[in-house]
Protein chains: 2
Amino acid sequence: MASAASASEGKEPRTERGRKTLRAILDAAALEFGEKGFHEGSVSGITRRAGVALGSFYTYFDSKDAVFRALVRDMSAQVRDHVAPAIRAAPDGIAAERAGLERFIGFVRAHKEIYRIIDEAEFVDPESFHAHYATTAERIHARLRAAADRGEVRGDVGEAHAWAIMGMNVFLGLRFGVWEEDRLPEAIAGEIAEFLRHGLAPRG
Amino acid sequence: MASAASASEGKEPRTERGRKTLRAILDAAALEFGEKGFHEGSVSGITRRAGVALGSFYTYFDSKDAVFRALVRDMSAQVRDHVAPAIRAAPDGIAAERAGLERFIGFVRAHKEIYRIIDEAEFVDPESFHAHYATTAERIHARLRAAADRGEVRGDVGEAHAWAIMGMNVFLGLRFGVWEEDRLPEAIAGEIAEFLRHGLAPRG
């Protein structure tokens, strides 16, 4: 179940065709901002890439700022939706983190622009930047707590462990997803999962 | 032994007084860019904060771009120099990572602007951004390999572990250094060191 992409307030599309145009604009915005950055990127560059008229853009978004903010939330939701099914299907807490990391590196390879966009949000849209990492850490924390309740990881697993895992994933994605694809995502995820399994093992 | 701060090429200070002025300019640049970001920050804002004349600025730097590039390298060197003695004094590899993380969070609390500056380098000065993380990961990797040779951590410890540790440190610094100072750096470092000790323990 993919998250619905969101337009500026009061500009949500009401038809399937409208939703497709909105999706095309957001995908084009990811390429435009990913390649040129926020300051050099332009609304006309986005509409050209999307193959839509300038008027269509303003049907859904108020400004360049507005589409950037929508894009940050959209990429955050896309990566969450991409990893979620693999995490849910995993047999235990460590296997869930393993599956999540493997899927994440795969997503990054197909959407290398995600780093530039989320990172630039620190400057262009600090609220979305903060929300992206705060909610990601909360999700990991909740998964770890559930795994602790099932006795799969140590009982005192906490917020610092969740932030540590998020940080690992972000930098492993940067190194093995964006910078160089010299190793298989499953190999990286397997190595890190073993590290987590021992590092977070229940204490006797 | 602090790293010498560097001016634009051919503009290195030759006197102690010159080196002090250069240091004042770099410290002022950290505040100016940390607060306003690269685009909104200005050379006149830097000279005002440093209490030096505009001419002094151009004695050492060619441009706003040049001082930003020098600042990224300078912050990278400062953090390295700040953590290095504690790492060198540690009795083993895991204790070294623990000491490094504790000192890093402390450094971040005193220099919260480091995140904005290093992160903005991704857009303003990608080469320094790349160099900062590549060399940091290499240093961690070398420490882990040395610890493996001494039998303190598993023999197959590698680059992915080094990137994982760097990522943890960056995000723990963001959460517990920049965002909120609600826990002691030594408590975070102790918790993470235990995680590393078990996660990287030599396999029998």
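The values are calculated or read from the model by the stated rules, or taken from the named source; none is laboratory data. Since this is a predicted model, take the numbers as computed values, not measurements. No Cβ is skipped: glycine too gets one built from the backbone with ideal geometry, and neighbour counts run over all protein chains shown. Please note that ligands, DNA and RNA were not included when accessible areas were found on the heavy atoms of the full protein model with its side chains. Shrake-Rupley method; radii C 1.70, N 1.55, O 1.52, S 1.80 Å.
Inter-chain neighbour count for B:120-126: the average number of beta-carbon atoms from partner chains within 10 Å of each residue's beta-carbon is 3. Distances between copies of residue B:80, taken at a point 7 Å out from Cα along the Cα→Cβ vector and listed shortest first: 3.8 nm.
Applying D = kT/(6 pi eta Rh) to the stretch A:12-61, where Rh is the Kirkwood radius over alpha-carbon pairs, T corresponds to 4 °C and eta to 1.567 mPa s, the Stokes-Einstein value obtained is 120 µm²/s. The calculated FRET efficiency for residue A:65 paired with residue A:14, based on their beta-carbon distance and R0 = 25 Å, is about 0.55. The rotation axis that maps chain A onto chain B passes nearest to the beta carbon of this chain A residue, listed with its distance in whole angstrom: A:199, 1.
Over every Cα atom in the protein assembly as shown, the radius of gyration and the widest Cα-Cα span, Dmax, amount to 22.7, 71 Å.
Taking the label point 7 Å along Cα→Cβ, residue A:9 and its counterparts in the other copies are spaced 5.2 nm apart, in ascending order.
This model, with +1 at the C-beta of Lys and Arg and -1 at the C-beta of Asp and Glu, gives the stretch B:74-130 a dipole about its Cα centre of some 380 debye.
Measuring with a 1.4 angstrom probe and ignoring ligands and nucleic acids, residue A:133 comes out at about 10 Å² accessible. Considering helices alone, the calculated mean residue ellipticity of the protein assembly as shown at 222 nm is -24500 deg cm²/dmol, with DSSP H runs of length four and up weighted by -39500 (n - 2.57) and normalised per residue. For the residues B:61, B:104, B:123, a GNM of chain B with alpha-carbon springs under 10 Å puts the largest fluctuation on B:123.
Multiplying the residue separation of residue A:130 and residue A:53 by 0.36 nm and removing their Cα-Cα distance gives an extension gain of 24.4 nm.
Looking at chain B as a GNM with Cα springs under 10 Å, which of B:172, B:54, B:101 has the largest mean-square fluctuation? Per the Cα network of chain B with a 10 Å cutoff, B:54 tops the list.
For the pair residue B:187 and residue B:149, a Förster radius of 30 Å applied to the C-beta separation gives a FRET efficiency near 0.50, rounded to the nearest 0.05. In whole angstrom, how far apart do the alpha carbon centroids of the stretch A:35-88 and the stretch B:64-117 sit? Taking the Cα centre of the stretch B:64-117 as reference, the centre of the stretch A:35-88 is 35 Å away.
Bridgeable aspartates and glutamates around residue B:20 (alpha carbons under 15 Å apart, same-chain partners fewer than 8 residues away excluded): B:12, B:74. Structure note, pairs B:36/B:112; B:11/B:112; B:11/B:36: Cα-Cα distances above 21 angstrom occur for B:11/B:112; B:11/B:36.
The mean count of C-beta atoms from other chains within 10 Å of the C-beta of residues in A:190-201, rounded to a whole number, is 5. Take the stretch A:39-190 with all the other protein chains still there, run a 1.4 Å probe, and you get 40 Å² of accessible area per residue. Between B and A, buried accessible area from a 1.4 angstrom probe totals roughly 3500 Å², ignoring ligands, DNA and RNA. Long hydrophobic helices in chain A: the complete DSSP H runs spanning 15 Å or more by Cα along their own axis with mean Kyte-Doolittle hydropathy of at least 0.0 are A:93-110, A:113-124, A:159-173, A:185-199. For the stretch B:164-204 and the stretch A:160-176, compute the distance between their C-alpha centroids and round to whole Å. The two parts, judged by their Cα centres, are 12 Å apart. To put it simply, the accessible area of the stretch B:132-204 at a 1.4 Å probe is 52 percent carbon and sulfur. Its Cα gyration tensor gives chain A an equivalent ellipsoid. The semi-axes, each the square root of 5 times an eigenvalue, are 35, 17, 15 Å from largest down. Remark: label point of residue B:155 defined 7 Å out from Cα along the Cα-Cβ vector; separations to the same position in other copies 3.7 nm, ascending.
In the elastic network of chain A, a GNM with C-alpha springs shorter than 10 Å, the most mobile of A:149, A:119, A:81 is A:149.
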